[in-house]
């Protein structure tokens, strides 16, 4: 028995030795190589932004080597001219930049792919987004685009200039009533040729914010075929600004006209430090600081303290990515559309160049990055985050109507008639309504 046990052991050892010497290793299954794919994409911007996009997209193709990106980089105005031509020929790029003012027009024409099927399948994630930011990619409740950044108008101030007359900047949150008193008091203390506030009455976005707050209605009707507010609503807005003009608290139209045609940043009343308060997209805070000697800060646009309407009403101006209906590589584009807003390293590179991002993990990463090097960007993000997480919440941003650009031009032109004393407020309101309703009805 002992000899048999020894023989069996020797037999087993010899079999193991033969197996070890044959040089074979267990086979491993390699993932199937993905078929090469080319994605056309188009974005707007300038040279500095295009360099950022190049770095971000290079990161994407490194992680996805089967993808080739054909990039169309265009300045803002050129982008929209070319996009309109491409849309007419059913030849939009596979992935295209989407803006706050055009998303309805292209979605209503069937140019963008609804993204909900990709959300349902898990290709596109939405659960990591702040709701108010995600909503900027929707038209009538349907998600057509995933935001990569939003800008939100805030109340900017020159802290140094205000403190020079013995006052403090307005509170981060301030009611319309308190703000009115604040502006009038500030103007009473300012020297000649320095004004409390720019004439934001001419800014259609700010007017739309006021109307949302005070009256609980949108600038346009639900179908975008008409204005969504009444003449009395607009008169209320116009009369509020007339109070400031009558007090000499608003930068006169003649002063801003003198600066037109100069450098778009250096030749402004803000850079010249002729004004204390103005409304502007929050992502421009750092730019204003570059051109002003005084310390520039930001708070929220005033809130409505009345029980009627909405407390807050800020409008989020989105930049997003959509998938073109004419694309032949929709699934691959969906992967890229989802990748951009969530990728930590990609967003570290892009540095919120298109505004506040709607993904909290990315927000935290960028704020930590900026704490020492760019503290004003932290301030801009804090403003945007306060808006996006308001309690009570800000109403969702409703996309502008088709033909919005022409309506804004009419609004500004009619407003100027009041500024220059050529029309009364009643005349301006009647004329604007007549012009706007005609423009919208013909779209």
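The values are calculated or read from the model by the stated rules, or taken from the named source; none is laboratory data. What you see is a predicted model; the values in this text were computed from it and never measured. Every residue, glycine among them, receives a Cβ derived from its backbone with ideal geometry; neighbour counts consider all protein chains shown.
Does segment 275-291 contain at least one residue that is assigned to a loop (DSSP other than H, G, I, E, B), modelled with pLDDT of 95 or more and in contact with a helix residue (DSSP H, G or I) (Cβ under 9 Å, 6 or more places away or on another chain)?
Let us first name the residues in segment 275-291 that are assigned to a loop (DSSP other than H, G, I, E, B), namely none.
The answer is no, given that none of the residues of segment 275-291 is assigned to a loop (DSSP other than H, G, I, E, B), modelled with pLDDT of 95 or more and in contact with a helix residue (DSSP H, G or I) (Cβ under 9 Å, 6 or more places away or on another chain).
Do we find that residue 234 is under 25 Å from residue 367 (Cβ atoms), in contact with a helix residue (DSSP H, G or I) (Cβ under 7 Å, 6 or more places away or on another chain) and assigned by TED's automatic domain parsing to the domain that holds residue 413 in this structure? Spell out the reasoning first.
Details: under 25 Å from residue 367 (Cβ atoms): no; in contact with a helix residue (DSSP H, G or I) (Cβ under 7 Å, 6 or more places away or on another chain): yes; assigned by TED's automatic domain parsing to the domain that holds residue 413: yes.
Answer is no for this residue.
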Inset, instruction - Provide a single number: the residues in segment 125-168 that are under 23 Å from residue 389 (Cα atoms) and in a loop (DSSP other than H, G, I, E, B). - result: 9
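Among the residues of segment 105-115 satisfying the criterion of being touching a strand residue (DSSP E or B) at 6+ places or on another chain (Cβ under 6 Å) and in a helix (DSSP H, G or I), which is nearest to residue 145 (Cα to Cα)?
Filtering segment 105-115 for residues touching a strand residue (DSSP E or B) at 6+ places or on another chain (Cβ under 6 Å) gives 106-107, 112-115.
Pick out the ones that are also in a helix (DSSP H, G or I) and you get 106-107.
Values: 106: 11, 107: 10 Å.
Out of the qualifying residues, it is 107.
Condition check ((1) within 19 Å of residue 171 (Cβ to Cβ); (2) assigned to a loop (DSSP other than H, G, I, E, B); (3) touching a helix residue (DSSP H, G or I) at 6+ places or on another chain (Cβ under 6 Å)) across all residues:
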| position | (1), (2), (3) |
| --- | --- |
| 182 | yes, no, no |
| 192 | no, yes, no |
| 196 | yes, no, yes |
| 201 | no, no, yes |
| 206 | yes, no, yes |
| 209 | yes, no, no |
| 218 | no, yes, no |
Inset, instruction - Could you please let me know if residue 305 is surrounded by fewer than 22 Cβ atoms within 10 Å (Cβ to Cβ), more than 21 Å from the chain's Cα centre (by Cα), over 29 Å from residue 400 (Cα atoms) and modelled with pLDDT of 95 or more? - result: no
Inset, instruction - Check whether at least one residue in segment 294-301 is surrounded by fewer than 21 Cβ atoms within 10 Å (Cβ to Cβ) and in a helix (DSSP H, G or I), and report yes or no. - result: no
Legend entry - Which listed residue, of 216, 201, 166, is within 27 Å of the chain's Cα centre (by Cα) and on the phi > 0 side of the Ramachandran plot: 216
Inset, instruction - Report, by residue number, each residue of segment 84-104 that is within 24 Å of residue 355 (Cα to Cα), in contact with a helix residue (DSSP H, G or I) (Cβ under 8 Å, 6 or more places away or on another chain) and part of a helix (DSSP H, G or I). - result: 103
Inset, instruction - Collect the residues in segment 233-251 that are in a loop (DSSP other than H, G, I, E, B) and under 28 Å from the mean Cα position of the chain (by Cα), keeping them in residue-number order. - result: 251
Legend entry - Tally of residues being in contact (Cβ under 8 Å) with a residue 40 or more places away in the chain and under 23 Å from residue 212 (Cα atoms) across segment 179-190: 3
Inset, instruction - Out of 153, 108, report the one residue that is touching a residue at least 60 places away in the same chain (Cβ under 8 Å) and either closer than 26 Å to residue 380 by Cα or surrounded by 23 or more Cβ atoms within 10 Å (Cβ to Cβ) (or both). - result: 153
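Out of segment 171-180, which residues are outside any helix (DSSP H, G or I) and surrounded by fewer than 18 Cβ atoms within 10 Å (Cβ to Cβ)? It would help to see each step written out before you state the result.
Here is the first cut: in segment 171-180, the ones outside any helix (DSSP H, G or I) are 171-175.
Correct list: 171, 172, 173, 175.
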Inset, instruction - For segment 41-68, name all the residues that are under 24 Å from the mean Cα position of the chain (by Cα), farther than 17 Å from residue 353 by Cα and in a strand (DSSP E or B). - result: 41
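Here is a check on your reading of the model: is residue 391 at pLDDT 95 or above and within 23 Å of residue 130 (Cβ to Cβ)?
Working: at pLDDT 95 or above: yes; within 23 Å of residue 130 (Cβ to Cβ): yes.
Yes, satisfied.
Only one residue in 394, 357, 407 is crowded, with 21+ Cβ neighbours inside 10 Å, assigned by TED's automatic domain parsing to the domain that holds residue 220 and in contact (Cβ under 8 Å) with a residue 24 or more places away in the chain, so which one is that? Steps first, answer last, please.
Values: 394 fails: assigned by TED's automatic domain parsing to the domain that holds residue 220; 357 fails: assigned by TED's automatic domain parsing to the domain that holds residue 220.
Of the residues listed, the single one that is crowded, with 21+ Cβ neighbours inside 10 Å, assigned by TED's automatic domain parsing to the domain that holds residue 220 and in contact (Cβ under 8 Å) with a residue 24 or more places away in the chain is 407.
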Legend entry - For residue 277: the one exception among (1) outside the structural domain of residue 383 (by TED's automatic domain parsing); (2) under 18 Å from the mean Cα position of the chain (by Cα): (2)
